[in-house]
Structures are given as structure tokens and as C-alpha cells.
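One structure is given below, encoded as C-alpha cells.
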Amino acid sequence: MFLHKLEGSWFSHPFWKSRILLEDPDQLATLKASNVEWVQIDTERGADLTPKAPPQPTRTPVPEMRDRTFGRAGATIARRQAPPSAPRAFDPLSKERQSAKAEMVHANRLARKSVRAMQKIFDDVRLGKAIKLTKLEPMIEEISSSIQRNPHAFMAVTRLKNSSEYLYLHALTVCALMISLAQQLRLSPEDIQKAGLAGLLMDVGMGHVPQETWDKDGPLTPEEWDVVKSHTTLAHEFLALGGEMPEEVLDVCLHHHERLDGSGYPHGLKAEEIGLFARMAAICDTYDAMTSNRIHRHGEDPSRALLMLDEAQTLYDPEIFQAFQRAVGIYPIGSLVRLRSHRLAIVVEQNPDDLTLPMVRPFYSLADRAFEKGEDIDLANCYGADQIMTRETPEGWNMAEWPALSAKLLAAAG
């Protein structure tokens, strides 16, 4: 059915657009679980309708001709216009640069497909089935291609997590962050693929941890904390049994919770005792966990998360963190900022030439104290008409609905 209207406020329904074609069982389940009480449908636009009969053919106009006579027969050659070429199908492995708005369309589809694949992987791990690299490599390649087309769109899509899919989307986001960071560090193509694979698989051991434990609203007991920490050794041991995982991937599974000052687990390694990929994963994993919404808490604003990571200088490799900051941007996509024009805005796209001048989408006028629907502003090309004054936090503006609002503002780009 085509949903024409969802009853209730903008915050009460779970979709990014107010009018959509309901064509996926997951969408239906999401709608049922929402606070929407009733909907209006457009009976003329449903996918279940019988296609209309094709129109009767009409006489085709004779195209312009150029006549040429040959001998006595007077034969004529007609030059006709070539039929229009069919639109070129999208290549998911294309590396051609795209804007965030254009790439988010492809990133949305890729994320939904990848979530289903990750659900299957976690289910297989719970059942003790081996993970085949041949099934993961195409997913890694598509995510890497999306990041090369636009380094921020896929991560912007995956950070809009819901609690039921947190583990799977966390794996996809860390995978994307690892790929982007590896590219920033100028690692080899082979190492970039290993970094993405490590990000994808490092938390598969969490499949053996009861959900009520890792999603608990409150401090864990010592026994519960021991269960959670066991996910590192469980993942390492399980993946090592398959015999085909790269050593770097196995090391990340085991050591992505190690910290430079020796305060991490499971072995309390310090500084250079921790491998390069594991030091990368520590930053990527922590950043996504901090910025993700969970059942019991809202995620941190991306800019604030970067500041908090920067302040924890004894825990994370400073050189890798600087590269990470370049990868996600000084104002990461999804950051809340205040403009000189006395408006609040969300960052929607990075400027690779100047990370201080991203593209922003204003949405709230501080002068009028009202939401507004403004056009995106490319701060690098607005000739000083506006600029970012400060980073802001949703809490500072009493925005309890910021996760839903930011999701809708970001998704409007697609």
C-alpha cells in the first residue's frame, strides 16, 4: 500500500518521509511498533494494483529525411534518429565521486541488505557454523566502494540505529570507519580490506552474550561484566577455528578493547604491544558506541564525542586519532551547530578541502523560536553570508527528540 498520511506528530512515526510505498515486511513491523494509531492510504498508488492496459499504438510521425538518388531507380535512403539509450544501471562497485545526497540513496539500500547479511552471520556464529570469507568479501567491497564515492554517506545512514538492530549496524558502522581510517592512513588496498573485515567481525562474540546483559540500564555486576568481556576471546577462538581469517583480523577481535595505558582487556597490553589494527579499532569502536542511541541512553553528538576522545589522551593512539578526525571531519555529519544567522543547523556533508566549512542544513530559527525549512548552505561557497559560530549539544537546547529529528534531517538528503 502507498501510505499517504501517518497520523500524529512528526516525531511519532518511524519513517523519514511522510509518504512512502510500504513494500517491505521490516517496514510493516516498524510501523506496527510505532506510536502511529492510524494511516491514510492512496488506493491509486499501491503496488498491488493491476497494471493499466497499454495505450493503443498511434501512427509514428515520419522523421526528417535526406533523400539521395541512385541511378535510374531513384532509390531513397532515409536517415532516422537513433532510439534513446536506456539509462545506465547503477554499478555498486563504482568509485565515481558522489555527493552525500546522491550516495545516501545507494547507502540506504546497501545498509538494509548488509543488516540482513549480518543477522545471518550472528545466527551462524550462535549455531557454531563457520564464517566463509567468500561471503563477506563482496559486502566489504561494496561498503568500500560507497565510501570512495562519498566517505560520509554510508556512516550517516548506519548511525541512525534502532535498538533491535544495534549489534548489526554497529558492526557495519565500525567496518566503514575502519575502511575510511585505513584510507586516511594510506594503507595498502589489501590492508584496507583487512581493516574493514576486522571492523565487521570483531564483535561476533557478543552473539553469545545475553541481550539483557549488554543492554542493561545500569551498572553491570562483576559476574555480568566478566561475561561481556568474554566476547573478545570467544570471537578470537571461534574465528581462528575456521583457519582462513587473516591474523590481523583475529588480533583485532581479541584486542580492540586494549588501551595504551594498560587499562584495557583481556591482557592489559600497553602502547606498542597493541597492534596497529587493534589501536585503530579501539577508536572506531568507541566513537560509534558513544554516538549511538541505545535503549537506556541517547548517543553523544558526534562533535562532542570527538572532543571526549581527544581528552582521553592516555587511552588512544594520538597519531591514529588525528587521522580519524580527518576521516570523519571536524564537524562530523550529524553534528549540531549554531550559525551566525542565529539558526541551529545540522551538518549534512563534509568539504574535503576545508573541514571547517561543511555543508549544513538550518532547521530552527533562534530569533523566531520556530522550526523552519531552509535550503542547505555550502559554507565553502556562500561568500561569508553565514558561518559556524559554535558546536552545540542537544541537551543544551532541551531537545529530547534530537535522535528522531536528526535522523529525519539527514534522511531528507536522500
For the list (1) over 17 Å from Ile121 (Cα atoms); (2) touching a helix residue (DSSP H, G or I) at 6+ places or on another chain (Cβ under 7 Å), I need the number of the one condition that Gln148 fails.
(2)
Residues satisfying the stated conditions in region 1-51, i.e. surrounded by 13 or more Cβ atoms within 10 Å (Cβ to Cβ), more than 22 Å from the chain's Cα centre (by Cα) and at pLDDT below 70
Gly8, Ser12
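Residue by residue, here is whether (1) modelled with pLDDT of 90 or more; (2) over 16 Å from Ile121 (Cα atoms); (3) in contact with a Leu (Cβ under 9 Å, 6 or more places away or on another chain) holds:
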residue	(1), (2), (3)
Leu185	yes, yes, yes
Lys194	yes, yes, yes
Ala198	yes, no, yes
Val204	yes, no, yes
Thr233	yes, yes, yes
Leu239	yes, no, yes
Gly242	no, no, yes
Pro246	yes, yes, yes
If you scan region 352-387, which residues turn out to be modelled with pLDDT under 85 and closer than 18 Å to Ala156 by Cβ?
Pro352, Leu355
Within region 221-232, is even one residue of a type in the set (Ser, Thr, Tyr), surrounded by fewer than 16 Cβ atoms within 10 Å (Cβ to Cβ), in contact (Cβ under 8 Å) with a residue 24 or more places away in the chain and closer than 25 Å to Met280 by Cβ?
no
Unique residue being part of a loop (DSSP other than H, G, I, E, B) and at pLDDT below 90 when the list is Pro266, Pro219
Pro219
Note down all Cβ pairs under 6 Å where the first residue falls in region 329-345 and is more than 14 Å from Ala305 (Cα to Cα), the second is assigned to a strand (DSSP E or B) and of a type in the set (Ser, Thr, Tyr), and they're at least six residues apart or on different chains.
Arg338/Thr390; Arg343/Ser365; Leu344/Tyr364
Odd one out for Leu133 among (1) at pLDDT 85 or above; (2) under 14 Å from the mean Cα position of the chain (by Cα)
(2)
So, in region 302-316, how many residues would count as being free of Cβ contacts under 8 Å to residues at least 60 places away in the same chain, part of a helix (DSSP H, G or I) and hydroxyl-bearing (Ser, Thr, Tyr)?
0
If we scan region 299-313, do we find a residue that is crowded, with 21+ Cβ neighbours inside 10 Å, of a type in the set (A, V, I, L, M) and modelled with pLDDT of 95 or more?
no
Under 22 Å from Thr173 (Cβ atoms), in a loop (DSSP other than H, G, I, E, B) and in contact with a Pro (Cβ under 6 Å, 6 or more places away or on another chain): which single residue out of Gly299, Gly334 fits that description?
Gly334
Among the residues of region 113-172, which ones are hydroxyl-bearing (Ser, Thr, Tyr), surrounded by fewer than 21 Cβ atoms within 10 Å (Cβ to Cβ) and within 27 Å of Thr233 (Cα to Cα)?
Thr134, Ser163, Ser164, Tyr166
So how many residues does region 335-377 have that are in contact with an Asp or Glu (Cβ under 9 Å, 6 or more places away or on another chain) and among the β-branched types (Val, Ile, Thr)?
4
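The values are calculated or read from the model by the stated rules, or taken from the named source; none is laboratory data. A quick note: this is a predicted structure, and the numbers were derived from the prediction, not measured. Don't worry about glycine lacking a Cβ; one is built from the backbone with ideal geometry, like all the others, and counts go over all protein chains shown.
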